[in-house]
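Quick notes on the structure that follows.
Just so it is clear, none of the values below were taken in a lab; they were calculated from the coordinates. Note that the coordinates shown come from a computational prediction; the quantities given were computed from them, not determined experimentally. Reconstructed Cβ throughout: ideal geometry from the backbone, glycine too, with neighbour counts over all protein chains shown.
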Amino acid sequence: MPELPDIVVYIEALERRILHHTLERVRLSGPYLLRTATPPIQRLEGKRVQGLRRIGKRIAMGFDQDYWLVLHLMIAGRLHWRDRGPAAPRPRVKTLSARSRDVAAFDFDSGCLTLSEAGSRKRASIHVVSGAEKLADLDPGGLEVLDSRLEEFAARLTCENHTLKRALTDPHLMSGIGNAYSDEILHAAQLSPAALTRRLTAEEIARLYEATRNTLRDWTDRLRVETGGGFPEKVTAFRPTMAVHGRHGQPCPRCGAKVQRVRYADHETNYCARCQAGGKLLADRSLSRLLKQDWPRTLEELEAMRSNEGHQGFQRVH
């Protein structure tokens, strides 16, 4: 799912292409995408874009007469842009093909913005609202860490007793942080994803605060450089220069130990057991229940188990 750095770079690229330009036509592949009925989305046609903003992981476009179009890309949604050259024909207005991955197209006088969604689980959404005050209904209310003070961060982090992974990725607690960057933040802070928020020391909270801000800023800058003046077409949660996210089994860039993984539902947590958990392995909900007493508790036990020929079954499962 595109997170804060990705959304910021998307918005900056859109500002260079659609700000003060007119939306001529909206095309949708089906009704599932549009989550509001009033005002109708066609009300935006013929109006100019007056501003863009980020709402958590959503992109909000403000039009004339204070109409707002809000896109939530969810996990598999991505944006694409095609310039309209001076001699290029106007885009044909037609229903998008059911075979296409494009689920929506927005024809501006400057070019065409399309929204694609991979896979069969359609989760991306569009909301249209009248009045900027209505945007609050779409804002989960998470703290904007880059605009916050340490005291505000500490108060929000410890308002409930959750694991750090859950606290960072809960949009009601922290804004714009998801599965990928939470892994990177926790690795930078050298804190376990399973640590409980109310058991952190003041020093650990301060370390997490700085790691969160530095990680989000650093990756936003990296993506800006990567995109340059173009449009971000390679938005992904898995980047080879990340420290731990998506790097299961590869060496930790800090200590060299193999990056570990815990899977749950559609997500996974990647971490360094040595740097973040004192050498202890976090329990995998499925494998630890399956193996019970045979589940390794430390990196040393894991390596011993892997080297033991009597545990080939475990190696295949792991």
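What list of ³J(HN,Hα) values in whole Hz, one per residue of the stretch 10-17 in order, does the Karplus curve 6.51 cos²θ - 1.76 cosθ + 1.60 (θ = phi - 60°) give from phi, with Gly and Pro shown as x?
Karplus values, whole Hz, x for Gly and Pro: 4, 5, 4, 5, 5, 4, 6, 10.
Considering only the other residues whose Cβ falls under 12 Å of the Cβ of CYS159, what net charge follows from Lys and Arg at +1 and Asp and Glu at -1? Let's see the in-between values first.
Numbers: positive: ARG156, ARG198; negative: GLU152, GLU160, ASP170.
Surrounding charge for CYS159 is -1.
Run down the aspartates and glutamates and flag those whose C-alpha is under 18 Å from the C-alpha of LYS258, throwing out any fewer than 8 positions away in its chain.
Cross-link targets: ASP183, GLU184, GLU268, ASP284, GLU300, GLU301, GLU303.
Could you list the square roots of 5 times each eigenvalue of the Cα gyration tensor of the stretch 1-93, that is, the equivalent ellipsoid semi-axes, sorted largest first and rounded to whole Å?
On the way: eigenvalues 81, 61, 44 Å².
Working through the eigenvalues yields semi-axes of 20, 17, 15 Å.
Please sort 107-118, 130-141 by packing, taking for each peptide the average over its residues of neighbouring beta carbons within 10 angstrom, highest first. Before the final figure, lay out each step's value.
Details: 107-118: 18.3, 130-141: 13.2.
Sorting 107-118, 130-141 by mean packing, highest first, produces 107-118, 130-141.
List the residues whose amide H sits under 5 Å from the amide H of GLU24, counting only those 5 or more places along or on another chain, with H placed 1.01 Å from N in the peptide plane.
Correct list: GLY46, ASP107, PHE108, ASP109.
Most exposed first by the Cβ proxy, i.e. fewest other Cβ within 10 Å, how do SER120, SER182, SER192, SER125 rank? Show your work: numbers first, answer last.
Details: SER120 6, SER182 25, SER192 21, SER125 18.
Sorted ascending by nearby Cβ count, the order is SER120, SER125, SER192, SER182.
Can you tell me the length gained on complete extension of the stretch TYR32 to ARG239, counting 0.36 nm per residue apart and subtracting the Cα distance?
Numbers: separation 207, 0.36 × 207 = 74.52 nm, distance 3.09 nm.
Taking 0.36 nm per residue and subtracting the Cα distance, the gain is 71.4 nm.
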